[in-house]
Amino acid sequence: MITAALFNIDQKNSLYYEVMDLGSGPENVQVQRGKVRSRGFELEANTSLDNGLSLVASYTYTDIKITEGPADTVGNYVSSVPRHMASLWADYTLPEDGPASGFGFGAGARFLGESYGNDQNTTRNSARAL
C-alpha cells in the first residue's frame, strides 16, 4: 500500500520560546502568540510479505515559516523542525509451524534533517539518524 498527503496549514497562536527573568534568573519560556504556515507532503509505503516480513518506509518534506510573531523572526523557519525526515522499519515474525511460533523481532532507522536552533535562524541543529 502506498499513501500520499499534501498539506498547507495556517496556524494561529503558535508557541514561541522567549527568554524571561522569572525571579530566579533568565529562563526559556513558551509564549503563545503569532502565526505559522506549514506546507509540504508525506509519502508512505507499507507491505507485508507471505514469508513473515513486513516493511514500512516513509518520507516527509515540511516547509514551516513564521508569518506573524516577533519582528526578528517573521519570514524565518520555525526552530527545531527539519525540512526532511525519513524512516525505514522492518518486522519479521517466525512461521507458525516451528518451535518459536509467533516470535518476532524488528528494527528500524529514522533520519531527521538539519533544522534551525532558534526562530531567528542564527544557529543550526545537525542532521541525525536514530
Selection from region 48-60 of residues that are small (Gly, Ala, Ser), assigned to a strand (DSSP E or B) and more than 18 Å from the chain's Cα centre (by Cα): SER48, SER54
Within the bounds of region 84-101, is there any residue that is among the hydrophobic types (A, V, I, L, M, F, W, C) and surrounded by 16 or more Cβ atoms within 10 Å (Cβ to Cβ)? yes
What's the number of the condition VAL56 fails, among (1) loosely packed, with under 14 Cβ neighbours inside 10 Å; (2) more than 30 Å from ASP119 (Cβ to Cβ)? (1)
So which residues in region 5-47 are assigned to a strand (DSSP E or B), farther than 20 Å from ALA109 by Cα and of a type in the set (A, V, I, L, M)? ALA5, LEU6, ILE9, LEU15, VAL19, MET20, VAL29, VAL31, VAL36
Out of the residues in region 61-103 that are within 20 Å of the chain's Cα centre (by Cα) and aromatic (Phe, Trp, Tyr), which is nearest to LEU130 (Cα to Cα)? TRP89
Tell me the residue from ARG33, ARG39 that is among the basic types (Lys, Arg) and out of contact with any strand residue (DSSP E or B) (no Cβ under 6 Å at 6 or more places or on another chain), please. ARG33
Out of (1) exposed (fewer than 13 other Cβ atoms within 10 Å of the Cβ); (2) over 24 Å from ALA57 (Cβ atoms), what's the single condition that is false for ASN118? (1)
Flagged in region 29-47 as over 30 Å from TYR92 (Cα atoms), exposed (fewer than 15 other Cβ atoms within 10 Å of the Cβ) and under 14 Å from the mean Cα position of the chain (by Cα), in numbering order, are ARG39
Six or more apart or on different chains, Cβ atoms under 8 Å: show the pairs whose first residue is in region 23-52 and acidic (Asp, Glu) and whose second is at pLDDT below 80. GLU27/VAL19; GLU27/MET20; GLU27/ASP21
Is there a residue being of a type in the set (D, E, K, R), within 30 Å of THR123 (Cα to Cα) and free of Cβ contacts under 8 Å to residues at least 24 places away in the same chain anywhere in region 69-92? no
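The values are calculated or read from the model by the stated rules, or taken from the named source; none is laboratory data. Keep in mind it's a predicted model, so treat the numbers as computed, not measured. Every residue, glycine as well, gets a Cβ built from its backbone with ideal geometry; the counts of neighbours run over all protein chains shown.
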